Structures are given as C-alpha cells and as structure tokens.
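Scroll down for the structure; my scribbles are underneath it.
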Amino acid sequence: MRGEEPPDQPPAPRRERKKLQTRDALIHAALDLFAAKGYEHTAIREITDAVDISERTFFRYFANKEDLALSFVQDGAAALLDALVARPPGEEPLTALREAFRESLREITAQRSAYSRDPAYLSVLRLIESTPALLAAHLRYFHDDDALVRALAEREGVDPDADPRPRILATLFAGLVSLASRDWEVGGAHDADAMLAAFDAYADRLDPALFGHWT
C-alpha cells in the first residue's frame, strides 16, 4: 500500500543468510564431488551445476577450487584473529591464544549450524590431508600469513621483526592445532567440544617440564 513506512526489519540479514546458504551449498556440493571423483578431476562447472548457479556466481564466493577447499581454514583463521584482538590485554600470550581459539571455534560452529547442515569439518580435513596440492597450500597459508604474528606482537608491545617470540608462538599454535585435528579425525565425536578437548590435551603439556630433561 502506497504511503506506508518501510518495515522495521532491514533486508540485510536475509541477504546475508542467503549468501551464506549459497556458499555452504557450494562447499557441500564440492565436497561430495571431490569424494566421488577426486579433487583434481572435479571441474568448477560440475560444482555449479550441482547447485544450479552460474560459474560467474561461483567466482563471487571463491577465487578457485583451492580457495573453496580451504575456506574452512580461512574462516577459522579470520575468526581466531578477531577473537585474539578482543582478548583482555592483561592475559599472557599463550592464554590469550588458547581462549581465542576456543571462542572462535565455537563461534564459527554456531554460525554455520544456524544457516546450514553440518559443515563437514571432518571431510575438509580428510580432503586436505589426502590431496598433496591442498596440503601444500594449507601449509603455505599458515607459514606465509603474518597476521597472527603481528597480533601477538602488538599485544605484547614487541617488534615481530626483531623479537622471534610471536612467530615461535604462532608456529607452536599451528602445530598444536594440527596434532589436535589428527586426534579429532580418528576420535568418536566430531563436534567443537571434541576438537577443543583434543587441543587442550596437547596445550596442557606446555609447562616447564616440557623444556627440561624428560627422564
């Protein structure tokens, strides 16, 4: 009816939900095809046909197949960085990083479960581990991205180019996540709580006893 005020609810949340649903649909379709045909033998056209969208639309969400396959890793890294920046400044670096990981994993899990079915984290991890090109890209992503190093250095007020500790901690953290992911993959439960428990089992070993003699 003309002259009516626009509705109070803005349309943006619906658009965001639709975008996330389309993105998740592409990820799920791609994972199904990767499992059936193999990563290297799956074409982008087959992924878009499965979701009934154009290839042009695909490239609004992902730069290429590799970008899609590693999207879970990229989303997790971005959420981790945001959570770390928001941690209280008085926390020690390792504590802040552990708590940021806990918050970010729960946040990204809650976001995905609100708009789509299970995001198939286990399938993503298996895909990366079993595909040499993706495993290499995954390792490059962690080693070439200095955002986490810079965030840790800024929290402690040190120069990351002169002080190696931020990079050492970031590398150590990536190793802990890798170890936890391995245990989580073969474990019985595959939810966020199980992943955090696996991570804590390793992180809890980081005490003075680790750096002295072991016998």
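Sorting 94-101, 47-54, 130-137 by average packing, meaning the other beta carbons within 10 Å per residue, from highest down gives 94-101, 47-54, 130-137.
Per-residue Karplus couplings for the range 132-137, computed as 6.51 cos²θ - 1.76 cosθ + 1.60 with θ equal to phi - 60°, are listed in order as x, 5, 6, 5, 5, 5 Hz, Gly and Pro entered as x. With contacts taken as Cα pairs under 8 Å and at least 6 residues apart, the range 70-205 reaches a relative contact order of 23 percent.
Taking other Cβ atoms within 10 Å as a rough exposure proxy, THR42, THR22 sort from fewest to most as THR22, THR42.
Converting phi to 3J(HN,Hα) with the Karplus coefficients 6.51, -1.76 and 1.60 and the offset θ = phi - 60°, the range 19-34 yields 4, 5, 5, 5, 4, 5, 4, 5, 5, 5, 4, 5, 4, 4, 5, 4 Hz in sequence order, with x at every glycine or proline. For the range 12-64, the orientation-averaged shadow of the C-alpha convex hull comes to 3.5 nm² (one quarter of the hull surface). Each residue of the range 100-109 was assigned a 3J(HN,Hα) from its phi angle through the Karplus curve 6.51 cos²θ - 1.76 cosθ + 1.60 (θ = phi - 60°); the sequence is 5, 4, 4, 5, 5, 5, 5, 5, 5, 5 Hz, with glycine and proline shown as x.
Here, each number is a calculation from the coordinates, and none is a lab measurement. These figures come from a predicted structure and were not determined experimentally. Every residue, glycine among them, receives a Cβ derived from its backbone with ideal geometry; neighbour counts consider all protein chains shown.
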